[in-house]
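Scroll down for the structure; my scribbles are underneath it.
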Amino acid sequence: MIADDDPDGDWTAPGVFRCAPGVYRIPLPLPQDGLRAVNVYALPDRDGWTLIDSGWSLAESRELLGAALARLGAGFADVRRFLVTHQHRDHYTQAIALRREFGAEVALGRGEQPGLEEILREDGSPFDAHMTRLRRAGADALVRTILASRPEPGNVSEWELPDRWLDDGAEIAVGDGLLTAVATPGHTRGHVVFADDAAGLLFAGDHVLPRITPSIGFEALPAPSPLASFLSSLHLVRSRKDAALLPAHGPVGMRVHERVDALLAHHADRLDATLTAVGEGRSTAHDVAGALTWTRHERRLPDMDPFNAMLAVLETQAHLEVLVERGAVAHGSQDGVDHYTTS
Ligand SMILES: [Zn+2]
């Protein structure tokens, strides 16, 4: 007997929870405490199971996924297919590890191809693009801190290309139902969500999260204006029929439209605050990030750990780029650093 999901309970508690007819949520642990866990959704399919996202390839995560599948009367060999919302390792790498052993098909949005090929380039470093952007943001000191404390280079062997690239609008029969892959670039350039329009469900990956605003363009090969892409993808999802939100991090229980409206309002506020800071004379993304507060705990940039400070500066840069596109601020560069002014 599988328990029904409780939207008010601790969404990270291990187990397997029925969140809609024929849809089971399996939270799996993450090593970093920020996001706490990742939800994998298991759907019974004709000849086994289809999983949406897979978890981070870690011993504890694999063990809990195996235990959850056992409660569903299945084993790893019964997983015939992984539909992965995006390339980030907490969503993608366990699918690759299990494919090596059990041969499941792995599908990923076509827009992830350039970024994944960049990760797989032997001489590349997934961090290079971020360091370049941070220097342009005037955050040289932060670059030095990050490079000095940097753990061993990422384990490239966790990564491989998928079996199948999903195009926008691809239809995937799962059991008696039909999922549509909808390209939602922004969080990463090839992010996709999976819509079950008949059942009124949206498997939203990291595009729409219930409690936090997703990071934007954190990938080896970011798109030119990732926040502009993200905002259009939010409008795209808002223009579709409303659905129950099945997020990759956080509890179920919200509706997609209400959460998208809140995310759009949040970014409108941040764009305003960014514009105000530029108007007050802060000219680089680093300086502007220092004028803002971060997370719902209203933290200041100097109090953040280097990784989160990096995300904050990159996000500020993304907001500044959108303001430039809208003609609200002017942009110039000096000694490789971008400067912004109000006209
Ligand atoms: Zn994630």
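The values are calculated or read from the model by the stated rules, or taken from the named source; none is laboratory data. None of these values were measured; they are calculated from a predicted model. Positions of Cβ are generated from backbone atoms using ideal geometry, with glycine treated the same way; all protein chains shown enter the neighbour counts.
Do you know which residues across the range 160-194 are more than 16 Å from the ligand (Cβ to nearest atom), of a type in the set (A, V, I, L, M) and outside any loop (DSSP other than H, G, I, E, B)?
Correct list: Leu166, Ile172, Ala173, Val174, Leu178, Leu179, Ala181, Val182, Ala183.
Tell me, yes or no, whether the range 63-82 has at least one residue that is buried (at least 21 other Cβ atoms within 10 Å of the Cβ), farther than 16 Å from Pro27 by Cα and among the hydrophobic types (A, V, I, L, M, F, W, C).
Yes, because at least one residue in the range 63-82 is buried (at least 21 other Cβ atoms within 10 Å of the Cβ), farther than 16 Å from Pro27 by Cα and among the hydrophobic types (A, V, I, L, M, F, W, C).
Tell me, which helices (runs of 4 or more DSSP H) wholly within the range 216-291 include 3 or more residues that are within 16 Å of the ligand (Cβ to nearest atom), modelled with pLDDT under 95 and within 17 Å of the chain's Cα centre (by Cα)?
Qualifying helices (runs of 4 or more DSSP H): none found.
For Asp206, indicate whether it is modelled with pLDDT of 95 or more and within 19 Å of Asp53 (Cα to Cα).
Answer is yes for this residue.
Looking at Thr50, Thr85, which is the one that is among the β-branched types (Val, Ile, Thr), buried (at least 21 other Cβ atoms within 10 Å of the Cβ) and over 28 Å from Ala223 (Cβ atoms)?
None of the other options fit; the residue is Thr50.
Quick grid of which residues meet (1) modelled with pLDDT under 95; (2) more than 16 Å from the ligand (Cβ to nearest atom); (3) touching a helix residue (DSSP H, G or I) at 6+ places or on another chain (Cβ under 6 Å); (4) among the polar types (S, T, N, Q):
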site: Phe17; (1), (2), (3), (4): no, yes, no, no
site: Ile26; (1), (2), (3), (4): no, no, yes, no
site: Gln32; (1), (2), (3), (4): yes, no, no, yes
site: Arg36; (1), (2), (3), (4): yes, no, no, no
site: Asp47; (1), (2), (3), (4): yes, yes, no, no
site: Leu51; (1), (2), (3), (4): no, no, no, no
site: Ala68; (1), (2), (3), (4): no, yes, no, no
site: Val84; (1), (2), (3), (4): no, no, yes, no
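Restricting to the range 183-211, what's the tally of residues that are surrounded by fewer than 22 Cβ atoms within 10 Å (Cβ to Cβ), hydrophobic (A, V, I, L, M, F, W, C) and in contact (Cβ under 8 Å) with a residue 40 or more places away in the chain?
Total meeting the criteria: 3.
Scan the range 129-150 and tell me whether some residue there is within 16 Å of the ligand (Cβ to nearest atom) and either modelled with pLDDT of 95 or more or not in a strand (DSSP E or B) (or both).
no
If Asn39 satisfies every condition in (1) touching a residue at least 60 places away in the same chain (Cβ under 8 Å); (2) among the polar types (S, T, N, Q); (3) in a loop (DSSP other than H, G, I, E, B) but one, which is the exception?
(3)
Of everything in the range 243-265, what is farther than 19 Å from Tyr41 by Cβ and touching a residue at least 12 places away in the same chain (Cβ under 8 Å)? Give them in sequence order.
Within the range 243-265, His257, Val260, Asp261, Leu263, Leu264 meet the criteria.
Taking the range 215-242 on its own, how many of its residues are buried (at least 17 other Cβ atoms within 10 Å of the Cβ) and free of Cβ contacts under 8 Å to residues at least 40 places away in the same chain?
1
I'm checking my understanding of the structure. Among residues of the range 266-294 that are touching a residue at least 24 places away in the same chain (Cβ under 8 Å) and of a type in the set (Val, Ile, Thr), which one is nearest to Val237 (Cα to Cα)?
Checking each candidate, the answer is Thr274.
Among the numbered conditions (1) out of contact with any Ser or Thr (no Cβ under 7 Å at 6 or more places or on another chain); (2) modelled with pLDDT of 95 or more; (3) within 16 Å of the ligand (Cβ to nearest atom), tell me where Leu64 comes up short.
(3)
So which of His286, His331 is more than 30 Å from Ala13 (Cα to Cα) and surrounded by fewer than 18 Cβ atoms within 10 Å (Cβ to Cβ)?
None of the other options fit; the residue is His331.
Out of the range 88-101, which residues are near the ligand (Cβ under 10 Å from one of its atoms) and touching a helix residue (DSSP H, G or I) at 6+ places or on another chain (Cβ under 8 Å)?
Arg89
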